[in-house]
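Okay, here's the structure, questions in a sec.
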Amino acid sequence: MSNRARFAAAISAFVASAALLVAAVIYVLPQRNLTATQPSSVGGAFQLTDQNGRAVTEADFRGKPHLVFFGFTHCPDICPTALFEISEVLRRLGPDAEKTGAIFVSVDPERDRPEKLKEYLSSFHPRISALTGTPEQVGAMTRAYRVYAKKVPLDGGGYTMDHSAIVYLMDKNGQFVAPFNLKRTTDAAAADLKRYL
C-alpha cells in the first residue's frame with residue numbers, strides 16, 4: 001500500500017471514529033430542558049414578506065415561542081411532510097396554539113411569491129406563516145440560521161432546491177433553543193413545545 005493510500009485510510013478511520021464518538025456522547029447525555037440562556041449564533045434579524053404581502057421582521061414573532069422551517073412549495077415530500085407534522089403539533093395544542101406559531105421560509109424566492117405561499121399554506125394549520133423576499137433578503141436569513149440551500153438543475157429544464165431540513169425552536173425572545181424533533185409522537189412534540197409558552 002502506498003504512503004498516500006495509508007494516509008487516506010488513516011484519515012478515513014479517524015473521521016469515522018470521531019463521528020461514532022460524537023454520536024455516542026449525544027446518545028448517553030441525559031435529556032434536559034433546554035432554554036436559551038445566552039445569545040445564539042443561530043437566528044437574528046430579518047426583513048421579509050409574508051403570504052399576505054405584508055412586510056415583516058423578527059419583531060413580529062417575538063412574545064411567542066415558534067418553530068422555523070426552511071423549504072419551498074415545489075418540494076415533493078420533505079417540506080409538505082414537515083408542515084403536516086407541524087400542523088398536527090399545533091392542532092394537538094388546542095387553544096394553546098394561539099400562544100405559539102410556526103414560520104415556513106421559502107428558499108425559492110424566484111417561484112414562491114406571496115400569492116403562491118398563501119395558496120400553499122391553505123393545506124396546513126392557520127398558525128403557520130410563510131415568508132419570502134428578494135434573493136438577497138432570503139439569503140441573509142438562510143445565512144443567519146445556518147441553512148444550506150442550493151438550486152439544482154433538472155434534466156429537461158427547470159430546477160429543484162436542495163436544502164437542509166432542520167426545524168428550529170425559537171423562544172419568546174426569538175432566541176434559538178434547539179432543533180425541534182418531529183420524529184416522535186404528536187403528544188410528545190406538543191408537550192415539548194408547550195413548555196415554552
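All but one of (1) surrounded by 22 or more Cβ atoms within 10 Å (Cβ to Cβ); (2) closer than 25 Å to A188 by Cα; (3) without any contact (Cβ under 8 Å) to a residue 40 or more places away in the chain hold for S106, so report the exception by its number.
The single condition S106 does not satisfy is (2).
Follow-up. Quick check on my filter: what residues within the stretch 90-146 are part of a helix (DSSP H, G or I) and either of a type in the set (A, V, I, L, M, F, W, C) or in contact with a Lys or Arg (Cβ under 7 Å, 6 or more places away or on another chain) (or both)? Spell out how you get there, then give the answer.
Just the residues of the stretch 90-146 that are part of a helix (DSSP H, G or I), to begin with: 90-99, 114-121, 135-144.
Within the stretch 90-146, L90, L93, D96, A97, K99, L117, L121, V138, A140, M141, A144 meet the criteria.
Please pick out the residue among L48, L83 that is modelled with pLDDT of 95 or more, hydrophobic (A, V, I, L, M, F, W, C) and in a strand (DSSP E or B).
L48
Which residues, taken from the stretch 147-172, are out of contact with any Ser or Thr (no Cβ under 8 Å at 6 or more places or on another chain), surrounded by 12 or more Cβ atoms within 10 Å (Cβ to Cβ) and in a loop (DSSP other than H, G, I, E, B)?
Answer for the stretch 147-172, where residues must be out of contact with any Ser or Thr (no Cβ under 8 Å at 6 or more places or on another chain), surrounded by 12 or more Cβ atoms within 10 Å (Cβ to Cβ) and in a loop (DSSP other than H, G, I, E, B): S164, A165, I166, K172.
Go through the stretch 117-146 and report how many residues are touching a residue at least 12 places away in the same chain (Cβ under 8 Å), of a type outside the set (D, E, K, R) and surrounded by fewer than 14 Cβ atoms within 10 Å (Cβ to Cβ).
3
If you don't mind, another one. If D187 satisfies every condition in (1) buried (at least 16 other Cβ atoms within 10 Å of the Cβ); (2) assigned to a helix (DSSP H, G or I) but one, which is the exception?
Just one mismatch for D187, condition (1).
Further, regarding this structure: Look through V89, V56, V42 and report the one residue that is surrounded by 14 or more Cβ atoms within 10 Å (Cβ to Cβ), closer than 19 Å to K172 by Cα and out of contact with any helix residue (DSSP H, G or I) (no Cβ under 8 Å at 6 or more places or on another chain).
Values: V89 fails: out of contact with any helix residue (DSSP H, G or I) (no Cβ under 8 Å at 6 or more places or on another chain); V42 fails: out of contact with any helix residue (DSSP H, G or I) (no Cβ under 8 Å at 6 or more places or on another chain).
Exactly one of V89, V56, V42 is surrounded by 14 or more Cβ atoms within 10 Å (Cβ to Cβ), closer than 19 Å to K172 by Cα and out of contact with any helix residue (DSSP H, G or I) (no Cβ under 8 Å at 6 or more places or on another chain), namely V56.
Just give me the residues in the stretch 78-103 being more than 12 Å from P65 (Cβ to Cβ), touching a strand residue (DSSP E or B) at 6+ places or on another chain (Cβ under 9 Å) and not hydrophobic (A, V, I, L, M, F, W, C), in sequence order.
P80, E85, S87
In this structure, does G101 turn out to be within 14 Å of the chain's Cα centre (by Cα), surrounded by fewer than 21 Cβ atoms within 10 Å (Cβ to Cβ) and more than 17 Å from V147 (Cβ to Cβ)? Quick ask: steps written out before the conclusion?
Numbers: within 14 Å of the chain's Cα centre (by Cα): yes; surrounded by fewer than 21 Cβ atoms within 10 Å (Cβ to Cβ): yes; more than 17 Å from V147 (Cβ to Cβ): yes.
Answer is yes for this residue.
Now, a different point. Can you name every residue in the stretch 143-167 that is over 10 Å from the mean Cα position of the chain (by Cα) and of a type in the set (S, T, N, Q)?
Selection gives T160 alone.
The values are calculated or read from the model by the stated rules, or taken from the named source; none is laboratory data. As the structure is a computational prediction, the values presented were derived from the model and not from experiment. Virtual Cβ from ideal backbone geometry, glycine too; neighbours counted across all protein chains shown.
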